[in-house]
Each structure stands twice: as C-alpha cells, then as structure tokens.
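Worksheet for the structure shown next.
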Amino acid sequence: MKIKIGRINMNNPVLICYTTLLFLFFVSCQEKKQDEAQKEQLVDKVYPLLDTDNSRWFYFSSASRPFGMVNLSPDTEIDGAWGSGYRYKTDTIKGFSHIHAWQMAGISVMPVVVDNESEIHSNFYSKFNHQTEVIKPGYHRLNLERYDIQTELTSTKRVGFHKYTFPKNKDKAILVNLNTVLGPCENTDGVLKKTSNSELVGQLIATPTHRRPKPLTIYFKIQLNTEIDELKKDAETGNYLIKVQSEAPVLMKVAISYTSVENATLNLETELPDWDFKKVVESAQDEWNSMLGRIQIEGGSEQDQNRFYTDLWHALQGRRIISDVNGAYPDNTQAEFKIGQLPLDENGKPKFNHYNSDSFWGAQWTINTLWGLVYPEIMDEFSQSLLQYYKDGGLIPRGPSGGNYTYVMTGASSTPFIVSAIQKGIVKNDLNTFYEALKVNHMPNGIMAKAGYEHDTYIGGGLNYYIEKGYVPYPLPEGEYGIHLDGSSQTMEYAYQDYTLAQLAKKLGKNEDYAYFTKRSKNYANVFDVEKGWMAPKTVDGKWHADFDPYKYENGFVESNAAQSTWFVPHDINGLAELIGNKDIAVSKLNEQFEQAEKLGFTSGDSHAAELHPEYSRIPVNYGNQPSIQTAFVFGKLGRSDLTQYWSRKVISKVFSGLKTSCGYNGDEDQGLMGSLAVLMKMGLFQMNGGTEENPSYQLGSPIFNKITITLNPEYYSGKTFEIQAENNSSEHVYVKTVTLNDKAVNTFNISHSDIINGGVLKLKMDNK
C-alpha cells in the first residue's frame, strides 16, 4: 500500500495527525489480517495421522465436524472395534463410511469403475498411496489407484459430502455397501430405493454388540448432482450400484438420521441445501479453526505447537451427536424403541444436542477441566443429554450408545463430570433433579451396582458389599457378572465418586446425604494394606491375598496394577499419605515409582493391547491409560510442586511430544481423554478432584509454552481472556519460582475457578532449580 502525499506541508500538525492515524489504521488492519491468517492456519497444525498404526473404529477422524453425527473417513480395516477404521499401514481402501462412533457404524460407499459387473460387488477394494493423500480436519482427499478416481470428502454435522473425479470414457458407478461388517458391528437388512432422477433413500440395521445390546436402525438420504443412469442390486451381497454418466466431477450428499428418512431429509435440507463443495470444506475448517483458536499459544518448537493442536483436536471428537436438527432422537432405554423429542427453545430449535459417548471413566482429569474451562457450552450440552437419558430410562449413563445404556467400564463416572459442571456455574438449573438422578446411580439398582457391560443384573459392581462392608471383595463370591470385576479399584472409584456427590449434596443443603456420602468416601482406606504399603485385593472374609504382587496387572485393579492404582484417591491425598506413613514417605515412594517408570517411557508399551504383555504390565506409573494419569500432580498436593513440575515435563517429553503414525498416546485414547490430558499438562493446569468442590481449584504445573491465551465463552464467564505467561521458559527451566495473578503475588501453586473466569494474567517466573 502506498500513501501519496504530493505537494503538501508536512509541518502542518493537522496533516501530521491525519497521516499518523492513517498509518496506525493501516498497521492495525495488517495486524488484524495477520491474526486472521494465524487462526486460519490452526487446522494446518493438526497431524491427523497421529498414532494411526494403533487405530480403533472411533479413533480416526478426517472429514468431520466437532462431535458431528457424520464422521466420514476412509476405512482400511473393517473387522472389529479394535485395529479398525483408518490404519496407516494398511494400503487398501475398503470403503468410505459415515459413522465411526462408540459401538456404531454404518453406510459404507465406494466409487468404482465397472469393468465386470458380476464381480465388482464382491471385489471392489482399491490400493491407495499416502503420497497423493491430503488430510486436514474437515477434509480428506486420496486417489483410488485401481480405478484412477480422485476422491474428496467433507461434511456438515449430519451430512457427508463426496466429490469424485472419475477417469473419462469409463463406466462410472458408486457402490453402496449396506450389508457388511463395519468395525464394532454388522450392518444388515440394507435397503436402497430411488425416489427421483437424482435422489435415493435407504436404511440398514446396526446389529447388537456385546456392549450395545439392542439393534439400531440407521436411515439415510442420498442426493447426486447428476442423474442416476441405473440402480442395480446384487442378489448375493445385497450391494447396490448407482450408475452415472456424467463426465464432470460427481458430487454426492449422504444425510443420516437415527429416527426416520424424513428427518434425514430434513437434516440434509437444513445443513446442506447447495452444491458448493469448496464452500463446505472452508466452513468445516473455519469451525475447527474457531474451536482450536480458543487457545492461542506462543513459544515452543513448531513440533510442540503442532502436537498441541493435534491433542486439542482429539479432545473435540469421538463423542457424537445422535439427535436430528429438529431435536428428534433414538430412545432405546426402554423395552420398546421410541423416538424421543428434545425440548425446544422459543425459536423452535432444540435446547441442546443428544449424544453417543464412550465412558466418562477418567474424564475427571481430562475433559472435566478442559471442556469446563475452554468449552463450557459443550459441558453444558453433555450434562443435559445425560439427564435426558435419566428422564427416559431412569439412569444417568456412564457411556451411552444407540440411545441406550452400555454399562461400559465401572462406577458412576458421570457423577464427577456433572458435579464439576454445576460447581463451575455451567449448569445452573434443575439442580435438585440432577442430584436425585445422580443419587440413583450410587444406590442399589443404580449403575454402581453394574460391572462392565452387565446388562441384565446388578451384581458385578459389588455395591451391596461396598455399602455393608465398606469395600468390594476380590474375587466376587457370586462369580462373573460383566467384566472389570476388580474389587479394590471399584472400591476406590466409588469412594471418590461418593465424595463428588457429597459436594453437590452440601451445595443443595442436603445435610444427611452429605454426611452419608462423605462417610462412604472414606472407604478407600479399607483396601489399603498398611503392612505392605499398597492398596491390595481383599477377599469377602476380610483377608488380604497371600500372593499379592503390587505389579501384577488386573489383580483386583481395573486396567492397572496396585502400584498404579494406589494413588487413586483424588479427593483425599493427605489421608492417603497418612496411611502410607506421612507426606515425606509418600513423596519418596511415588518419586521412586516415577524413576522406575521413566525407564519404560512412562507407558505400558505403545498401544493399549501391549498393557497385557508382562514386560509392560509391571510398570509402576502408566500414562497410556486412565487409572494413574494424575500421579505427577499428586506431588503438589503433598507439598512438592517442584516434583510435579519436574515429572510432568518428563511425561510430556516422553509421551505427548511425538508426531508419528506409530505412537502418540501409547495406549488407550478414549475419545479425547488422553488428548485433553496432554493439552492440560502443556498448559500447566490440572484439577486433582475433577473440579468438584465449591469454587474449584486448579493446580499449577509447568507450561511448555511462553504464553497461553484462553478466550473465555462470554455466555458463561465474565472475563474476556485468561493469559498464562511463563517468563524465562525452556526445556531446562521447568520450575516455577514465583507466581502472580493480575500483578498480585500468589503464595501457593493453586488458583481458583473464579480467578480464571474473571479474566486476567497469570505470570510464572521459570527457573532451572
């Protein structure tokens, strides 16, 4: 830009002022453009291929929106919930499917060139090459080498959008594979019918799984930008071929619904009325940029920044919308299926979305804090959705799928999540209803009484023993009911969750309940063997197991060993320290565990499956699964924040810094939990008890960036931004020497929720000692 001055007197103060303002305006515009450009680049920082050698069905996302009902992406492996979906080392595309969710899958399509129509239905897979592949949040492009077809994928929340560039002068078709195994379940009874020259509708059944006990019907609507030349069904496979003649790129929309074809059509008409593929890609990336841009970082290496936004991206996916744009949703909580209806606002729009979700087991240290601080509207929606399940089926779920309960994992893991939302002021209404709903789960015939996937009984959770004896025995005398029957872990988990419910009882003035659940929250002590110095398995007659080994995996402890799980007392670390001996003994014990764990990289191998291997399962701290991911911050609760800062940096470096297909979370990335943990550790913020006390406290760690700026949601919080500045920060300067908040000295390594949401600047002076 040039400013032409001409023959004017630049000594004139008016002109000087005018010119100065013009210059400042120009600089401001340039800075604004630079800021906008920086925000636009955040999707480019995401590495979607992270850990895709160890993929599972819902793990990988590409052409998806945050929490979208549609999760469109290529599948290279389709058989089983684990090791399926998009796996980097498998070089063959087996279809592009639209649903990659917890225990749900469906609607696989594949563009093809038809050389032999009789064979194409059973032999349509194609090789592809990563060299010609482009993957970004909201977009995926690859070439099907067998057919020389360039495929491009994007989506809205409920509609998949495909663009196929076929070779010229070939017989072009789209194969719709409605009767196939897809990840966790089989698709059967698929039907597709043509309703106009360019439209089709259909449905299929996602059959029950061990985890999701009821079938689910998936409805869909397809629109093409070209006329359908012919629709043919293969009698043997049940596949359909949509034949087209167009020499131009073929665009296809696929809208889904779990309630009806009519609602699939409404989803399509509402979210994707036009045919501008580029516009939808830009919209998807704008949405991701906006979500990722809630946290701006400065400093660190390029790889540090890329990994950070990859972690943040993971924190915003996996859990999926199941309600339509009009608020209709599948309700499978009763004996008979019905279509539910979410409450509407004054404009006739649903007040919230309904969700499908893996367990909230471990969420107290991950999405509780991240969503509650940065994405409170998401925490609000999920809380309302969980309450809707209670209104429909009588229980708040710990992991719903297909509009029904799955009883995944153990305990009442949704309690800390909802209590945290209430204590942070995110959920403000119907608090007594929430409390009564949560209390049901903590009593006989509630979810605590069920072990993993125990659909028809209330035995495996051992809740009757927990209430009567103060602990859940191992083994359970009644035998096998469900899985994860590991009594000592169950005892500790219930005790923590009882504490969180007690905090809500206190808030609501329910004093008797507060006293009752507070007493139950001390039950963790009943499975601590003072003589051995560990939490330990305890039989029904009150005896400790004679062959106790603190490093033996799943010997009374869920997906962990006693060494890892001994520190699972988020609500009473000081009480745990007293059991161990005192704070100094506890610190020394845990520090030794970290020293041993460091030799194995702080994880049980580089995948969830590796945890079972003897050489990995005996690790004393495992940052590849949820039971011990809080342990670095235990030091701070014991008065040694320096060790929290030291070991959290070590864990970040070893576990959460790489950008590889072969590793990244090195274990069980349960729908954003490990991604969320990584984000929080890198920001230097944590909540030991999941943010469940009044005006929740955040523990300070050691941020890896020089500056972190969180944009606060004005609909929930009064402040505009909360900024963390780490002065003199480096890989060597990991220790926090001084803390100030809004220029006032802070003499602890804790700050309150109210301090953060009012906005301001937290300054940390870093040092190497």
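Before moving on, here are some points about what is shown:
- Scanning the stretch 412-468 for residues being basic (Lys, Arg), out of contact with any helix residue (DSSP H, G or I) (no Cβ under 6 Å at 6 or more places or on another chain) and in contact (Cβ under 8 Å) with a residue 60 or more places away in the chain gives a total of 1.
- Comparison of 231, 268, 251 shows that the only residue that is buried (at least 20 other Cβ atoms within 10 Å of the Cβ) and of a type in the set (A, V, I, L, M) is 268.
- Selection of the stretch 583-623 for residues being in a helix (DSSP H, G or I), at pLDDT 95 or above and more than 16 Å from residue 637 (Cβ to Cβ) yields 592, 595, 596, 597, 598.
- Residues in the stretch 269-308 that are within 21 Å of residue 47 (Cβ to Cβ) and basic (Lys, Arg): 294, 307.
- Pair list, Cβ under 8 Å, 6 or more apart: the stretch 188-216 residue closer than 30 Å to residue 398 by Cβ and in contact (Cβ under 8 Å) with a residue 40 or more places away in the chain, other residue of a type in the set (Phe, Trp, Tyr) and assigned to a strand (DSSP E or B): 203/219; 203/220
- Residue match in the stretch 359-377 (condition: surrounded by fewer than 21 Cβ atoms within 10 Å (Cβ to Cβ), among the aliphatic types (A, V, I, L, M) and not in a strand (DSSP E or B)): no
- Residue selected from the stretch 94-121 under the condition in contact with a Ser or Thr (Cβ under 6 Å, 6 or more places away or on another chain) and either of a type in the set (Phe, Trp, Tyr) or surrounded by fewer than 23 Cβ atoms within 10 Å (Cβ to Cβ) (or both), by the criterion farthest from residue 256 (Cα to Cα): 121
- Near pairs, Cβ below 6 angstrom, 6+ apart or cross-chain, from the stretch 601-629 (at positive phi) to any residue that is in a helix (DSSP H, G or I) and at pLDDT 85 or above: 601/654; 602/651; 602/654; 602/655; 605/616
- Residue satisfying condition, being at pLDDT below 95 and acidic (Asp, Glu), within set 454, 480: 480
- Out of 371, 365, sole residue that is of a type in the set (Phe, Trp, Tyr), modelled with pLDDT of 95 or more and more than 16 Å from residue 313 (Cα to Cα): 365
- Looking only at residues of the stretch 283-306 that are within 30 Å of residue 252 (Cβ to Cβ) and of a type in the set (D, E, K, R), we find that the one that is surrounded by the most Cβ atoms within 10 Å (Cβ to Cβ) is 287.
- Entry remark, the stretch 271-282: residues being surrounded by fewer than 16 Cβ atoms within 10 Å (Cβ to Cβ) and touching a residue at least 24 places away in the same chain (Cβ under 8 Å) number 1 in total.
- Residue among 309, 329 that is assigned to a strand (DSSP E or B) and either surrounded by fewer than 17 Cβ atoms within 10 Å (Cβ to Cβ) or in contact (Cβ under 8 Å) with a residue 24 or more places away in the chain (or both): 329
- Just one of the listed residues (563, 586, 546) is over 31 Å from the mean Cα position of the chain (by Cα) and crowded, with 24+ Cβ neighbours inside 10 Å, and it is 586.
- Against the list (1) touching a Gly at 6+ places or on another chain (Cβ under 9 Å); (2) assigned to a loop (DSSP other than H, G, I, E, B); (3) closer than 24 Å to residue 530 by Cα, the condition residue 639 fails is (1).
The values are calculated or read from the model by the stated rules, or taken from the named source; none is laboratory data. This one's a predicted model, so the numbers in the text were calculated from it and none came from an experiment. In this analysis, Cβ positions are derived from the backbone assuming ideal geometry, glycine residues included, and neighbour counts consider all displayed protein chains.
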